[in-house]
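Please see the structure below; I have some questions.
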Amino acid sequence: MTRITFVIPTFNRAQTIIRSLESIVNMGISFEAIVVDDASTDNTKEVVTKWINLKKLSNFISYYSLKYNVGVTAAKNFGYYLSKSGWVVFLDSDDMMISQKSTEFQNSLKQYDNIPLIFFRCVDQDGKKVGTEFKEDRLLSLYDYVNNSSYGEALTVINKNIVGLNFCYPGSLRGYEGLGCLPLIKNYGPAILSHLYARVYDRSGENRLSSKSGM
């Protein structure tokens, strides 16, 4: 199985990030995770490092603390460049992977190892499906993506074996990560819009990491 790296940007999410990390561990897969702390002012560092040591996961989870707050997109870029080849999954520190879908998730990555990126569907914190539901996977062309994006909130997974370092979110915008996927589809071909629900997207509270506030 190709290596899977989870890049987890975080800012003042001491109260939620452990559940995000536990959701990855509970998938029962081989993985590495890179936590990028975007200059948190709470006790995120203490909480994360204590948990990593307690669970003896220092060989699998790395923690990096940025000196200055650069925003979620730039923090994701930092983690992406540190990741090794394979699939890179961007998971917000207030969201969770759906561990029960672990096998289907891995099978999708194996099936589409020649595709530059995959968008997986999400449910919210109440289990409600987010965005447009599809019964089957579909190719997402540049034209389709420009007009419809990923048809609602999605879990973005990039194939670094294909893309390499030719990827960067527009970090200065502090959001709008979808813009970073446009050149990938343009230069490497269509993405896959998966019908699989693989992520719990927490929409509770305006101060959540995925909020548009402050963009």
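Name the lysines eligible as straight-distance cross-link partners of Lys128: C-alpha to C-alpha under 27 Å, and not fewer than 8 places from it in the same chain.
Within the straight-line cut-off, Lys128 pairs with Lys76, Lys101, Lys212.
Taking the Cα centre of the range 18-58 as origin, work out the dipole magnitude from +1 charges on Lys and Arg Cβ and -1 charges on Asp and Glu Cβ, in debye rounded to 20.
That gives a dipole near 240 debye.
Next up: Mind running the shape call on the range 17-83? Use the C-alpha gyration tensor, a ≥ b ≥ c as the square roots of the eigenvalues: rounded below 1.5 for a/c, prolate if a/b tops b/c, oblate otherwise.
oblate
Would you mind listing how long the range 111-200 runs along its three principal axes, going by Cα atoms, in whole Å with the largest first?
Computed over the Cα atoms, the extents are 36, 32, 24 Å.
What's log10 of I(q)/I(0) for the chain at q = 0.12, 0.16 Å⁻¹, Debye sum over Cα points only, no solvent?
-0.58, -1.09
Could you state the orientation-averaged shadow area of the convex hull built on the Cα atoms of the range 1-51, in nm² to one decimal?
For the range 1-51, the mean projected area of the Cα convex hull comes to 3.5 nm².
Rounded to the nearest 500, what is the 222 nm mean residue ellipticity of the chain from helices alone, with -39500 (n - 2.57) per DSSP H run of 4+ residues and division by all residues?
That comes out to -8500 deg cm²/dmol.
Do any trypsin sites (Lys or Arg not before Pro) in the range 16-70 lie in a DSSP loop with no more than 15 other beta carbon atoms within 10 Å, and if so, which?
Lys56, Lys67
Once you charge only the Cβ atoms, +1 for Lys and Arg and -1 for Asp and Glu, what is the size of the charge dipole of the range 96-177 about its Cα centre, to the nearest 20 debye?
Its charge dipole is roughly 120 debye.
What size of dipole, in debye to the nearest 20, comes out for the chain about its Cα centre when the only charges are +1 on Lys and Arg C-beta atoms and -1 on Asp and Glu C-beta atoms?
Charge dipole of the chain: 340 debye, to the nearest 20.
Give the carbon-plus-sulfur fraction of the accessible surface of the chain in %, rounded to a whole number; probe 1.4 Å, heavy atoms of protein chains only.
49 percent
Here is a further query. Report for the chain the percent antiparallel among DSSP-assigned beta bridges with both residues inside it, nearest 5.
40 percent
Quick check for you: with a 1.4 Å probe and neighbouring chains kept, what is the accessible area per residue of the chain, in Å²?
48 Å²
Could you name the aspartates and glutamates in cross-link range of Lys186, using Cα to Cα under 14 Å and dropping any fewer than eight places away on the same chain?
Reachable aspartates and glutamates: Asp144.
The values are calculated or read from the model by the stated rules, or taken from the named source; none is laboratory data. Since the model is a prediction, treat every value here as computed from it, not as a measurement. As a convention, Cβ positions derive from the backbone with ideal geometry for all residues, glycine included, and neighbour counts pool all protein chains shown. Accessible surface areas use protein heavy atoms only, side chains included; no ligands, DNA or RNA. Shrake-Rupley method; radii C 1.70, N 1.55, O 1.52, S 1.80 Å.
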